[in-house]
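What follows is a set of notes on a single structure, which appears directly below.
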Amino acid sequence: MPGGGAPGPGRRPIRLRLSEADPWSVMVTSFLLLAGLGVLVVATAGVSWIMVNAMAPDVLPAFSTFLAVAVGVVIVEVVLGTGLVTLGAFLYNLSAQYSGGVEIAVTEALTGPPQANVRALLLMARARRRLRTHIPARTQRDQGTD
């Protein structure tokens with residue numbers, strides 16, 4: 001909350017305490033995210049090699065060598081990243097036992113849309129209704145004059 005005080009009228013605070021992270025779920029999620037990032041890195045490396053090779057041939061090593069290095073870097077990134085994130089989950093669980101975890105507070109507005117929006121929607125609905133009644137009458141009149 002901006003003021004740091006009590007929530008305003010029509011608002012209800014919602015509190016969530018994150019006191020534990022499941023290391024297995026963290027490991028699987030981080031592996032999938034890092035593997036997806038790795039696929040993007042390998043694809044970007046391949047496209048970059050093709051573009052540089054088209055502009056300046058024989059400057060870079062062979063495509064297979066370049067791709068092998070990119071895949072090697074991605075494998076190291078995925079293994080180390082997954083290990084570090086999983087270790088972070090274990091360390092968070094240890095620290096959460098003593099501190100109680102992280103508390104997140106969110107306020108939810110219980111009021112409806114602002115009055116200006118309601119008025120604008122009502123005006124649009126009236127204009128649409130008028131337009132629907134006006135257009136068919138005009139087209140029938142125009143068809144009779146042909």
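The values are calculated or read from the model by the stated rules, or taken from the named source; none is laboratory data. Just so you know, these numbers come straight off a predicted model, no measurement behind them. In this analysis, Cβ positions are derived from the backbone assuming ideal geometry, glycine residues included, and neighbour counts consider all displayed protein chains. In case anyone asks, the SASA skips ligands and DNA or RNA and just uses the protein heavy atoms, side chains included. Shrake-Rupley method; radii C 1.70, N 1.55, O 1.52, S 1.80 Å.
So here's what we get for this one:
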| read-out | value |
| --- | --- |
| Top-ranked residue in the stretch 19-74 [being in contact (Cβ under 8 Å) with a residue 60 or more places away in the chain and in contact with a helix residue (DSSP H, G or I) (Cβ under 6 Å, 6 or more places away or on another chain); ranked as farthest from Ser99 (Cα to Cα)] | Met27 |
| Set Thr107, Thr145, Thr139, Thr44: member being surrounded by 11 or more Cβ atoms within 10 Å (Cβ to Cβ) and modelled with pLDDT under 90 | Thr107 |
| Output for the stretch 88-101, where each listed residue is open to solvent by 60 Å² or more (accessible area, probe 1.4 Å) and touching a helix residue (DSSP H, G or I) at 6+ places or on another chain (Cβ under 8 Å) | Phe90 |
